[in-house]
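Structure first, commentary second.
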Amino acid sequence: MNNNIKKNVVYQTIYRVLTVLTPLITSPILSRALGADKLGIYSATITWVNYFMLLALLGIENYGSRSIAIVQDNDEKRKQTFWDIYAIQIISSLLALGLYAVSLLFIAPERHAIAIIHGLWLISYIINVNWYFIGIEEFRLTAIRNIITKVLAVVLIVLLIHKPEDLNLYARIMAGDAVLTNLIILPFLFRDTGFRKPSFDGMKKHIKPILILFVPIIAWSIFHLADKSLLDRFASETQSGYYYNADKIINIPLAVVTGLNTVFLPRISHVYSKGDRKEAGRLIGNSIELMLFMACAIGIGIASVSKEFVPFFFGEGYEPVTQLIYWFTPVLFCNSLSELIRYQYMIPKKLDKHYNLCVVIAAVCAVIADFLLIPRLGPVGAVMGTLIGEATIVVVELIVCHGHISFLGYLGKNIIYFILAAAMFATVRATASILNIRPLFKIAIMIMAGGAVYMIGCIIYWCINRQSLFNEQVIRRVQRMFFNK
């Protein structure tokens, strides 16, 4: 990887690690202070506003960052492109806000207050210009901004959330964090772009490709949000709370792993626009190895300690979350791979219609599974429906890309990470079976034992395999450590 990508990976990883630490701090507080019932209400109402948030941004985030990346070397064209696309975003966001206001008439009276608070999320989307900075590969600014607002939100939750009646206050903190996050970056945007009057012709040429990318977003929302909506309909608020917590835990590694796509998307889009397929293939190979290394370490690591971690972390009464985390683990790998194929090949190559087909097929399979499984199995059925949808989209993507790029070949070259993760899982469970000490110390020793097995195995592999992304860096450090070279 070149230095610019390395720096962006570092900035993005720092922020994503913070997103890992944030729920580790706040989830025990929220689960104990609010309880599973209130968390279920929050999950249901935030899911409802999410449908309108999708309408607000259409397909602008992905299309916008790709469009800016392609013209990033042309100063004037980059600025005009931004304002033409941003004008569309303002219109769609205001439309979504208006429709959400009307939808409040159909919300249960006891949920009116929290639903109104969630409207702040839509206001934040009017000023969400993060896609522009992704397009110009400016990750330092966005990472610093996100770190500041995340820390502030955590501090407020720790200080202010203490009882079930604080649910609306928690909603204000989260929505206010979203507004503040987007407000902070606006001065930097205007300094870089100034103001350009959007042109009707300029906006018009962007509408069709934006709407094409909006199709998979709608389909994605169907099988990523419908499970929560159906749980709210067919299961209890307590079961929805269990699902909310399990989903939050598995999103820790998912946020870290898929965050890499944010870094690679503009670079690969730019490389493809130059016609350099060899460099694009090299970048994709590197990112797949990096993705598998991190997904196996964090995802399977969380599953291996979940039996001890869940009751210690969430408190008594949350034991069903453990089973949900086990089911969610394969979802992590399917989701990570599907996102990688999408962001690092299909979007840069402008295979938008092909991706639409993939997601629509997956959404249909997921929704059918949800309707069949959730009434019978509750939250377990919701996870199984999600897994069916994610697995389907991976299979269809691989079929579509077959003959163009061998993702299965890249995965086969990195199968070692699954083997090492299995050894890590076995080590953790063996350690758990022989320890009879306080939960905190037990979990810490389990993590250290499993982590040591995984990292030692990885270092040996990196030293042996010269084609590994990490080979050069590891060899250099080993030489410095033992031979002073």
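Please go through region 431-446 and pick out each residue that is buried (at least 17 other Cβ atoms within 10 Å of the Cβ) and among the aliphatic types (A, V, I, L, M). The answer is Ala432, Ile443, Met446. Being within 22 Å of Ile212 (Cβ to Cβ) and hydroxyl-bearing (Ser, Thr, Tyr) is a property that does not hold for Thr386. In summary, Ala430 fulfils each of the numbered conditions (1) under 21 Å from the mean Cα position of the chain (by Cα); (2) of a type outside the set (D, E, K, R); (3) at pLDDT 90 or above with the single exception of condition (1). Looking across region 312-328, the residues that are touching a residue at least 24 places away in the same chain (Cβ under 8 Å), assigned to a helix (DSSP H, G or I) and either of a type in the set (Val, Ile, Thr) or open to solvent by 20 Å² or more (accessible area, probe 1.4 Å) (or both) come down to Phe312, Pro320, Val321, Gln323, Ile325, Trp327.
I'd like the full set of residues that are within 17 Å of Ile419 (Cβ to Cβ) and within 28 Å of the chain's Cα centre (by Cα), limited to region 457-473. Residues satisfying the conditions are Gly457, Cys458, Ile459, Trp462, Ser468, Phe470.
For region 104-119, the condition holds for no residue, the condition being that it is over 28 Å from Arg233 (Cα atoms), open to solvent by 20 Å² or more (accessible area, probe 1.4 Å), assigned to a helix (DSSP H, G or I) and not hydroxyl-bearing (Ser, Thr, Tyr). For region 447-485, filtered to residues that are β-branched (Val, Ile, Thr) and at pLDDT 65 or above, the residue that is nearest to Ile300 (Cα to Cα) is Ile447.
If we scan region 133-142, do we find a residue that is small (Gly, Ala, Ser) and surrounded by fewer than 19 Cβ atoms within 10 Å (Cβ to Cβ)? No, region 133-142 contains no residue that is small (Gly, Ala, Ser) and surrounded by fewer than 19 Cβ atoms within 10 Å (Cβ to Cβ).
Scanning region 220-248 for residues that are among the hydrophobic types (A, V, I, L, M, F, W, C) and modelled with pLDDT under 75, we see that the one that is surrounded by the most Cβ atoms within 10 Å (Cβ to Cβ) is Phe223. Among the residues of region 141-155, the one identified as charged (D, E, K, R) and at pLDDT 85 or above is Lys150.
If Ile217 satisfies all but one of (1) closer than 27 Å to Thr329 by Cβ; (2) crowded, with 21+ Cβ neighbours inside 10 Å, what's the number of the condition it fails? Going through the list (1) closer than 27 Å to Thr329 by Cβ; (2) crowded, with 21+ Cβ neighbours inside 10 Å, Ile217 breaks only (2).
The values are calculated or read from the model by the stated rules, or taken from the named source; none is laboratory data. The structure displayed is predicted, hence computed values, not measured ones. No Cβ is skipped: glycine too gets one built from the backbone with ideal geometry, and neighbour counts run over all protein chains shown. The area values use the complete protein model at the heavy-atom level, side chains included, leaving out ligands, DNA and RNA. Shrake-Rupley method; radii C 1.70, N 1.55, O 1.52, S 1.80 Å.
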